[in-house]
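Asks: I have a structure here, written as structure tokens, and I will follow up with some questions on it.
The values are calculated or read from the model by the stated rules, or taken from the named source; none is laboratory data. Only a predicted model underlies this, so the values are computations on that prediction, with no experimental measurement involved. We place every Cβ from the backbone using ideal geometry, glycine too, and count neighbours over all the protein chains shown. Quick note on the areas: whole protein, heavy atoms, side chains included, nothing else; ligands and nucleic acids left out. Shrake-Rupley method; radii C 1.70, N 1.55, O 1.52, S 1.80 Å.
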Amino acid sequence: MWLNFRIILHIMGLLLLCNGSFMLLAGGVSGFYKDGATLDILLAAIVIMLIGVMAMFYTRGHRKEVKRKEGYIIVTFGWLVMSLSGVLPYIFSGAIPDVTNAFFETISGYTTTGASILNDIESLPKGILFWRSLTHWIGGMGIIVLAIAILPLLGIGGMQLFAAEAPGPGGDKLHPRITDTAKRLWLIYVGYTLAETVLLKLAGMSIFDAANHALSTLSTGGFSTKNASIAHWNNSPLIQYIIMVFMFLAGTNFVMSYFAFTGKVQRILKDEEFRVYAIFIMVFTIVAGLIVYYQANVPVSDYHPQVLGQGESAFRHALFQVLAIITTTGFVTADFTNWTPFLTVFFFGLMFLGGCAGSTSGGIKVMRHLLIIKNGLLEFKRTLHANAIIPVRFNKKVVSEHIVYNIIGFFVLYMLLFIIGALVLGFLGLDFESAIGGAASSLGNVGPALGDLNPVVNFSALPAFGKWWCGFLMLLGRLELFTVLILVVPYFWKRI
């Protein structure tokens, strides 16, 4: 057969088995806190694992080879299968009985968007809240990358899956074998999560809140256990600083973290993307902080200047929101859309930035912006020297024209999809600010938006089709556009 459907179905079964296993963990948390949802979560886990086992049993003896086309199908449909199966704990427990709302919350979790339809988060059972945060964590590094570390045990190569799933245009690998790369990435990911959990607990959070926020931070997701998000701890600057540190790390290429742990600090400092990423955060924080301090009309209760002073508080909130939007984590300490009109537009622009390639953040990514700017500036030289060959360089290495064209194509497609996304939301009745904010937030996997979808509200007021549409935009953004859209190109399905 031109497509190995048996291996596709086999891996879908494996993903369901993994998903069900994580649900068992959430069921254990539910049982520990005796929140009344334990049996519902465990039943959901058993149902999903049984379906997964049956799919794997039915496809045993498959041809153990994943080609490029099958890799794209597995990644896209794998994400959909995970999201569709992930709704069961919400529905079985009655926490979110509506299928549309449950799917929106689930795909928002797996794509690490963090947009929610829940109006009273704190009333939910702790097991459901933990499952909600787990969907972030699973999606953060990618359930497909997790599968890559397991597939060799089944005799299946995983390079094609990693090519379709790895976030961003960067191609750095930590080890020649893709399996070892996936294992190292997960080791760093797990280590950061545990470290943040411990630090947040020591800073004053409960162990439950600390674990949930660590899961959300490292995945650059944004789901919180509190209705007010991180604003709940506005009286605890240390908690917010800890979260900021890990948001910064999560928005950084995880290869840089590996270099840091192996003592290759010079490679980090010489990396152009990392330097630009850090400079962006510093400059944008200074701009936002000065405006918040001198102009923003924010109630004093939102700042608590008595803790460390008005200046520190203003810059802490500015830094927090700059990090949260650039890394697409989406946590909030205040409603930045109420600060000033300039800052509303300012943060809207940051929704298109994104973190570094190879991070868990969404958005366009710093590397793409950097290469587009470099190529644009070089066009002036090419205009004056028509016959000269002037290549784009990154980290002092020549970037091939193929990569530059790919990045320009990605940027144009991204902006086109943003416009289409906003038009659809506008057609559904959203005002201009809400439509462009909802489209930018969903496609960039940011979470909070503008207008009626601002940081202190949520997406519950969206019509049913609007929720499915935003879910589609979230999937497009999380899987870097081409991975999903290539499946609707007729050429993809031709026998070659």
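Asks: For the range 230-255, what are the residues that are of a type outside the set (A, V, I, L, M) and farther than 19 Å from R184 by Cα?
Replies: Matches in the range 230-255: H232, W233, N234, N235, S236, P237, Q240, Y241, F248.
Asks: Can I ask one more? Is it the case, given these coordinates, that N395 is at pLDDT below 90, of a type outside the set (K, R) and touching an Asp or Glu at 6+ places or on another chain (Cβ under 9 Å)?
Replies: The answer is yes for N395.
Asks: Kindly indicate whether T329 is open to solvent by less than 10 Å² (accessible area, probe 1.4 Å) and within 28 Å of F315 (Cα to Cα).
Replies: Yes, satisfied.
Asks: Out of the range 463-486, which residues are under 13 Å from L417 (Cα atoms) and part of a helix (DSSP H, G or I)?
Replies: W469, C470, F472, L473, M474, L475, L476, G477, F482, V484, L485
Asks: Just checking, how many residues over the range 396-429 are open to solvent by 50 Å² or more (accessible area, probe 1.4 Å) and either at negative phi or among the polar types (S, T, N, Q) (or both)?
Replies: Final tally of qualifying residues: 18.
Asks: Using beta carbons and a limit of 8 Å, which pairs, at least six apart or on different chains, have the first residue in the range 226-241 and touching a residue at least 40 places away in the same chain (Cβ under 8 Å) and the second one in a helix (DSSP H, G or I) and open to solvent by 40 Å² or more (accessible area, probe 1.4 Å)?
Replies: If the second residue must be in a helix (DSSP H, G or I) and open to solvent by 40 Å² or more (accessible area, probe 1.4 Å), the pairs left are K226/E122; K226/H232; N227/E122; A231/D302; N234/D302; P237/E312.
Asks: Further, regarding this structure: Could you count how many residues in the range 43-92 are of a type in the set (F, W, Y) and open to solvent by less than 10 Å² (accessible area, probe 1.4 Å)? Full working, then the answer.
Replies: Of the range 43-92, the ones of a type in the set (F, W, Y) are 57-58, 72, 77, 79, 90, 92.
Restricting the remaining residues to those that are open to solvent by less than 10 Å² (accessible area, probe 1.4 Å) gives 79, 90.
Matching residues across the range 43-92 total 2.
Asks: Among the residues of the range 3-18, is there at least one that is crowded, with 22+ Cβ neighbours inside 10 Å and in a loop (DSSP other than H, G, I, E, B)?
Replies: Within the range 3-18 (the criterion being crowded, with 22+ Cβ neighbours inside 10 Å and in a loop (DSSP other than H, G, I, E, B)), the answer is no, since none of the residues qualifies.
Asks: Something else: For the range 197-236, enumerate the residues that are among the aromatic types (F, W, Y) and open to solvent by less than 20 Å² (accessible area, probe 1.4 Å).
Replies: Matches in the range 197-236: F208, F223.
Asks: Restricting to the range 281-304, what's the tally of residues that are among the β-branched types (V, I, T), open to solvent by 80 Å² or more (accessible area, probe 1.4 Å) and either at pLDDT below 90 or outside any helix (DSSP H, G or I) (or both)?
Replies: Final tally of qualifying residues: 1.
Asks: Moving to a separate point now. Give the residue, chosen from T113, T106, that is without any contact (Cβ under 8 Å) to a residue 40 or more places away in the chain and crowded, with 24+ Cβ neighbours inside 10 Å.
Replies: T106
Asks: Considering the range 201-222 alone, what residues qualify as being among the aliphatic types (A, V, I, L, M), more than 22 Å from Y110 (Cβ to Cβ) and in contact (Cβ under 8 Å) with a residue 24 or more places away in the chain?
Replies: Within the range 201-222, A203, M205 meet the criteria.
Asks: Here's something else I'd like to know. From I156, I150, I138, I144, which residue is open to solvent by 10 Å² or more (accessible area, probe 1.4 Å) and at pLDDT below 95?
Replies: I150
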